[in-house]
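The values are calculated or read from the model by the stated rules, or taken from the named source; none is laboratory data. All values derive from a computational prediction rather than experimental measurement. Counting neighbours? That spans all protein chains shown, and the Cβs are built from the backbone with ideal geometry, glycine included.
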Amino acid sequence: MDITYLLNSGFLVRDEKTLLVFDDYEDPAGVVDAVYDKGDFDRLYIFATHAHFDHFSTHIRAYAPKTTRYIFSSDIKHTKRVKIFPTNKITYMKRYTEWQDDAIHVWSYDSTDVGICFRVELPSGKHVFHAGDFNWWHWVNDTPENIDLAEKAFKRQVKRLKGMTADVAFFPVDGRLGASQEKGALEFAARADVKSLVAMHRVDYPMWTPSREFVVINRIPTWSPLKPGEHRTFDGEQFLED
């Protein structure tokens, strides 16, 4: 499975001749343009987990001619931006629903922010999980009441993910949370059955180095991309550089 970082929570995943594009709001390195123009794929699926500006942008409309399906969170349906997209190519998903065609199978999960998470089964049988803005949003300077609510909301939702399998999981490790940045990732990886974790939603922050607690508890390979266009291949055991 080949993975290329776009920006923020945006990634391109290639599994043989199937391409998945997640939350492509900006692509400074022109990764998707290059792959799209080359055309060496059979299927192209473009996902958006929610309507926040840093997850959903109208520039992905340009890929409509070769896009197999746009798969969007249902909140995007109510935005003005989506009106320029071809309606016959869009599937809107609410939380805890499923969609499939003859190539991929998609499950949705709830978030602790706007929108949903996606889990996708690829033709090869591999699974990818993209959390969107699902996270334990523990803001240090927040009120005690809000901190408590954020913890309860996250732990309630993460219980629904217990035992969920994924070869690669994309999950927020947001540097703005300071010492709490990996709280959500730590709990998520301990609950779900994931083989690896890619840190996202950390623009302008240095590479995340997992804490000793994370390493001891989860024992899975991690990747914290820094530069748009950065690429890794996940072979089932580790992330390999070019």
Residue list for the range 1-52, filter: among the small types (Gly, Ala, Ser) and either farther than 16 Å from ARG232 by Cβ or touching a His at 6+ places or on another chain (Cβ under 6 Å) (or both)
SER9, GLY30, ALA34, GLY39, ALA48, ALA51
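With respect to ALA169, is the statement that it is under 15 Å from the mean Cα position of the chain (by Cα) and either more than 21 Å from TYR92 (Cβ to Cβ) or surrounded by fewer than 22 Cβ atoms within 10 Å (Cβ to Cβ) (or both) true? Please lay out each step first, then the result.
On the way: under 15 Å from the mean Cα position of the chain (by Cα): yes; either more than 21 Å from TYR92 (Cβ to Cβ) or surrounded by fewer than 22 Cβ atoms within 10 Å (Cβ to Cβ) (or both): yes.
Taking the combined requirement at face value, the residue satisfies it.
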Based on this model, can you work out whether ALA51 counts as touching a residue at least 60 places away in the same chain (Cβ under 8 Å), aliphatic (A, V, I, L, M) and either farther than 19 Å from PHE129 by Cβ or surrounded by fewer than 13 Cβ atoms within 10 Å (Cβ to Cβ) (or both)?
yes
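Taking the conditions exactly as written (closer than 25 Å to TYR96 by Cα and surrounded by fewer than 20 Cβ atoms within 10 Å (Cβ to Cβ)), does ARG156 satisfy them or not? First the steps, then the outcome.
Details: closer than 25 Å to TYR96 by Cα: yes; surrounded by fewer than 20 Cβ atoms within 10 Å (Cβ to Cβ): yes.
It is true that ARG156 is closer than 25 Å to TYR96 by Cα and surrounded by fewer than 20 Cβ atoms within 10 Å (Cβ to Cβ).
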Can you tell me which residue is surrounded by the most Cβ atoms within 10 Å (Cβ to Cβ) among those in the range 94-121 that are without any contact (Cβ under 8 Å) to a residue 12 or more places away in the chain and assigned to a loop (DSSP other than H, G, I, E, B)?
THR97
Condition check: out of contact with any strand residue (DSSP E or B) (no Cβ under 8 Å at 6 or more places or on another chain), among the β-branched types (Val, Ile, Thr), surrounded by fewer than 14 Cβ atoms within 10 Å (Cβ to Cβ) and over 27 Å from LEU12 (Cβ atoms). Does THR143 satisfy that?
yes
Residue pairs qualifying under the 6 Å Cβ cut-off, at least six apart or on distinct chains, with the first in the range 10-35 being in contact (Cβ under 8 Å) with a residue 24 or more places away in the chain and the second being in a strand (DSSP E or B) and among the charged types (D, E, K, R), are ARG14/ASP2; THR18/ARG43
Please specify each residue of the range 183-225 satisfying the condition of being closer than 26 Å to ARG14 by Cβ and either loosely packed, with under 13 Cβ neighbours inside 10 Å or among the small types (Gly, Ala, Ser) (or both).
ALA185, ALA189, ALA192, SER196, ALA199, MET207, SER224
List every residue pair whose Cβ atoms lie under 6 Å apart, where the two residues are 6 or more positions apart in sequence or sit on different chains, the first residue falls within the range 187-201 and is over 10 Å from MET164 (Cβ atoms) and assigned to a strand (DSSP E or B), and the second residue, located anywhere, is among the polar types (S, T, N, Q) and modelled with pLDDT of 95 or more.
LEU197/THR222; ALA199/SER224; MET200/SER9
Subset of the range 202-224 that is closer than 21 Å to MET1 by Cβ and polar (S, T, N, Q) - its residue that is modelled with the lowest pLDDT:
ASN218
Run PRO65 past the list (1) surrounded by 13 or more Cβ atoms within 10 Å (Cβ to Cβ); (2) without any contact (Cβ under 8 Å) to a residue 40 or more places away in the chain and report the number of the one that doesn't hold.
(1)
Looking at the range 161-176 only, could you name the residues that are in a loop (DSSP other than H, G, I, E, B) and in contact (Cβ under 8 Å) with a residue 60 or more places away in the chain?
ASP167
Going by the structure shown, is PHE214 in a helix (DSSP H, G or I) and of a type in the set (Phe, Trp, Tyr)?
yes
Unmet criterion (only one of (1) exposed (fewer than 13 other Cβ atoms within 10 Å of the Cβ); (2) modelled with pLDDT of 95 or more; (3) acidic (Asp, Glu)) for GLU241
(2)
